[in-house]
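Student: Below: one structure in structure tokens.
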Amino acid sequence: MNPPSAPPPAPESWLRHLLDELPLQYLLVLDGNGALQLCSRPLRQLLRLGPQSLPLDAPTVLAALPEVLCQHLQEELLNPAPAKPEISWQIDLQHPVPDGQHTLAWQVRRIRSAGPAQGLLLASAIDISDRQAAHAREALQSQVLHHLVYEDELTGLTSRYAARERMLSLIERQEDFGLLAVKLRDFSLLRDNFGPEGADEVLRAAARALESVVEAPLLLARSTGVEFTIVVPGEPDVAALQRLGRSVLNRFAQPLKLSQAELVISVSVGIACFPLHGGTLEELMRNVGTALHAAQEEGGRIQRVFDPKMQQKARERLWLDHHLRKALELQQLELHYQPKLSLLGEPGLAVEALLRWRHPKRGLIRPDLFIARAEDNGQISAMGRWVIVSAAAQAAQWHRMGLEVRIAVNISARQLSDPDLLRWLSECQRIAHGLLDVELTESSVIDDEAGTHAFMQECRNLGFKVYLDDFGTGFSSLAQLARLPIDVIKLDRSFLRPGSEQQRSEALMRSVVSVARELKLRVIAEGVEKPQQEQFLRNIGVDGAQGWLYAAAMPADDYVGWLRGKGLAPAA
């Protein structure tokens, strides 16, 4: 699919040029730090600051202004006015010109809406010496400021500030309303593939798609980034809001039409109502965001209505985000090792390295409670590197003790995007005397088969055995196994669970073993807990097993003790 064509120039570029060139438009723009952003040509000429090509800075311009105006601007920079877009100060001032005096009506405003102009301080003036010209300039000035404050520049939708203003008004009058938060999923992938301009075109197309669903008196606004809000006045009925949410989801199930392509994008929808789910705007926005996050966590393309139970999950995510950052720094992470045993009497020792988090207050935290969150917040790469380094150091220590134990480390799909991963693995394999292996889940292969295939091959070149982990949980086929450069298939523990599907699971395991023999691959079963399960695995020719029947994951010293108890390691 070809990337979208470049959109027209951004509105702020021609807007800046327009304000700079328009006659009689005296305009000064400073940012929140007092730096000069714009001094229009007419104002430069009025203040006799030299030609347009001469560089200017804020102190030079402020010094040329009337003293009272200069003082007010400086006070405004030091003490910003309350968050209102209205005029904060105005005054009529006399300015000397070659043919006498001109009276200029000055106004000072600060832009409060979200967007590129947020926080800018504007000082503008019209020459009321000529009332007709003054009225024209005032109208244009009002139009420009309205554009900056109330319209989203990229999509043309209502701005975040205007939507907030509308909701505050409804809350002040105690009128019921519904709120939907709509967020595009996986947008970073689009930006990576299409670039910023192509991503902007997708956002504009998404806005048009939403407009086809949202009709007056509903208010559609772009809130932040890839998120939109829909305000539904007078609608406290959750069922009606869910119907609107389904209409949004159905629309995005259809492709968006771009300039040179069509694209299907999934969205998630969160729903909340005033006053049922929040008595203030801040509470309502927080809760609709919580509902939106719940929809995203469940895979997207769904909607969720806020439920107070979601707050506990949100608090848990915040706790994890905060404390996970400290876990590495405070050395709270540790590796436990679960043995892999041969069912065919083959020699050799092997374990899987499993991450554990020992928190000073919560104790030992299982990986299923924090790994997924580490992947979501981007901390998985640093944690994954720590696992690789720690496993290499442990393999080297056991090697010095005369124990040749192969240690398999898990590589998540998110880690595969780390450009330095192979370099880390190569160096750690050297430290480990070639005793490291890698395990990749079936889902990582499905996400990017070509990239994962190349990574697997590089690992084999570096001396790693490559395991395809959790086989049977995804959608890869037996035929796909022939294309993958792997050494071992690990059957997911779900194959061994008793139940109505047990006969079917056993048939599938026989098929996997048969295919693996033809491809000269080994097969290991996870989650073996009963002797009957072990006997079945032996009967069908499974090579190895791992599970509580043999040993739970344990610290390194306990594993050495376990080996000694079985006569597989020399006495201390």
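The values are calculated or read from the model by the stated rules, or taken from the named source; none is laboratory data. Predicted model, so just to flag it, every value in this text is computed and none were measured. Cβ coordinates were reconstructed from backbone atoms using ideal geometry, including for glycine residues, and neighbour counts include every protein chain displayed. Protein only, heavy atoms only, side chains kept; ligands, DNA and RNA dropped before computing areas. Shrake-Rupley method; radii C 1.70, N 1.55, O 1.52, S 1.80 Å.
Student: With (1) modelled with pLDDT of 90 or more; (2) within 25 Å of PHE187 (Cα to Cα) as the list, and LEU320 as the residue in question, which single condition is left unmet?
Tutor: (1)
Student: Tell me which of these ILE265 doesn't satisfy, since it passes every other one: (1) assigned to a strand (DSSP E or B); (2) more than 23 Å from ARG166 (Cα to Cα); (3) touching a Phe, Trp or Tyr at 6+ places or on another chain (Cβ under 7 Å).
Tutor: (1)
Student: Does at least one position in region 91-106 carry a residue that is more than 30 Å from ARG166 (Cα to Cα), touching a Gly at 6+ places or on another chain (Cβ under 9 Å) and either open to solvent by less than 20 Å² (accessible area, probe 1.4 Å) or modelled with pLDDT of 80 or more (or both)?
Tutor: Checking region 91-106: not a single residue is more than 30 Å from ARG166 (Cα to Cα), touching a Gly at 6+ places or on another chain (Cβ under 9 Å) and either open to solvent by less than 20 Å² (accessible area, probe 1.4 Å) or modelled with pLDDT of 80 or more (or both).
Student: Still on this structure, I have one more. How about region 311-331: which of its residues are within 16 Å of VAL288 (Cα to Cα) and either open to solvent by 80 Å² or more (accessible area, probe 1.4 Å) or without any contact (Cβ under 8 Å) to a residue 12 or more places away in the chain (or both)?
Tutor: GLN312, LYS313, ARG315, listed by residue number.
Student: Let me ask another. For region 382-402: of the residues being free of Cβ contacts under 8 Å to residues at least 40 places away in the same chain and under 24 Å from the mean Cα position of the chain (by Cα), which is surrounded by the most Cβ atoms within 10 Å (Cβ to Cβ)?
Tutor: GLY384
Student: I need the helices (runs of 4 or more DSSP H) fully contained in region 120-215, keeping only those with at least 2 residues that are of a type outside the set (Lys, Arg) and modelled with pLDDT of 85 or more.
Tutor: 160-172, 187-211
Student: Can you name the number of the only condition in (1) touching a helix residue (DSSP H, G or I) at 6+ places or on another chain (Cβ under 7 Å); (2) more than 15 Å from VAL288 (Cβ to Cβ) that GLU215 fails?
Tutor: Just one mismatch for GLU215, condition (1).
Student: Among what's in region 407-432 and is touching an Asp or Glu at 6+ places or on another chain (Cβ under 8 Å) and assigned to a loop (DSSP other than H, G, I, E, B), pick the residue that is surrounded by the most Cβ atoms within 10 Å (Cβ to Cβ).
Tutor: Top of the filtered list is SER412.
Student: Suppose we keep only residues that are polar (S, T, N, Q) and surrounded by 15 or more Cβ atoms within 10 Å (Cβ to Cβ) within region 21-56. Which one would you say is modelled with the lowest pLDDT?
Tutor: GLN25
Student: Something else: Scan ALA553, ALA569 and give me the residue that is under 27 Å from LEU333 (Cβ atoms), touching a His at 6+ places or on another chain (Cβ under 6 Å) and not acidic (Asp, Glu).
Tutor: Unique residue meeting the criteria: ALA553.
Student: Quick one: would you say GLN338 is at pLDDT below 80 and either more than 30 Å from ALA545 (Cα to Cα) or of a type outside the set (Lys, Arg) (or both)?
Tutor: no
Student: I'd like the residue in region 522-537 that is acidic (Asp, Glu) and outside any helix (DSSP H, G or I) and, out of all such residues, is most open to solvent (accessible area, probe 1.4 Å).
Tutor: Within region 522-537, the match that is most open to solvent (accessible area, probe 1.4 Å) is GLU529.
Student: If ASP200 meets every condition in (1) surrounded by 15 or more Cβ atoms within 10 Å (Cβ to Cβ); (2) under 23 Å from VAL305 (Cα atoms); (3) of a type outside the set (Ser, Thr, Tyr) apart from one, which number is that one?
Tutor: Every listed condition holds for ASP200 apart from (2).
Student: Additional query: Residues to consider are ARG356, ARG373; find the one that is basic (Lys, Arg), open to solvent by 30 Å² or more (accessible area, probe 1.4 Å) and touching an Asp or Glu at 6+ places or on another chain (Cβ under 6 Å).
Tutor: It is ARG356.
Student: Please find, within region 486-521, the residue that is farthest from LEU343 (Cα to Cα) out of those that are of a type in the set (Lys, Arg) and open to solvent by 40 Å² or more (accessible area, probe 1.4 Å).
Tutor: Among those that are of a type in the set (Lys, Arg) and open to solvent by 40 Å² or more (accessible area, probe 1.4 Å), it is ARG504.
Student: Of (1) of a type outside the set (Asp, Glu); (2) under 24 Å from the mean Cα position of the chain (by Cα); (3) more than 30 Å from LYS361 (Cβ to Cβ), LYS313 satisfies all except one. Which?
Tutor: Single failed check for LYS313: (3).
Student: Here's something else I'd like to know. Considering only residues that are open to solvent by 40 Å² or more (accessible area, probe 1.4 Å) and acidic (Asp, Glu), which ones fall in region 57-79?
Tutor: ASP57, GLU67, GLU75
Student: Restricted to region 267-291, and to residues that are open to solvent by 20 Å² or more (accessible area, probe 1.4 Å) and small (Gly, Ala, Ser), which residue is farthest from the chain's Cα centre (by Cα)?
Tutor: Within region 267-291, the match that is farthest from the chain's Cα centre (by Cα) is GLY279.
Student: For region 403-420, give me each residue that is in contact (Cβ under 8 Å) with a residue 40 or more places away in the chain and not β-branched (Val, Ile, Thr).
Tutor: LEU403, GLU404, ARG406, ALA408, ASN410, SER412
Student: TRP548: part of a loop (DSSP other than H, G, I, E, B) and of a type in the set (Phe, Trp, Tyr), yes or no?
Tutor: yes
Student: Among the acidic types (Asp, Glu) and not in a helix (DSSP H, G or I): which single residue out of ASP321, ASP307 fits that description?
Tutor: It is ASP307.
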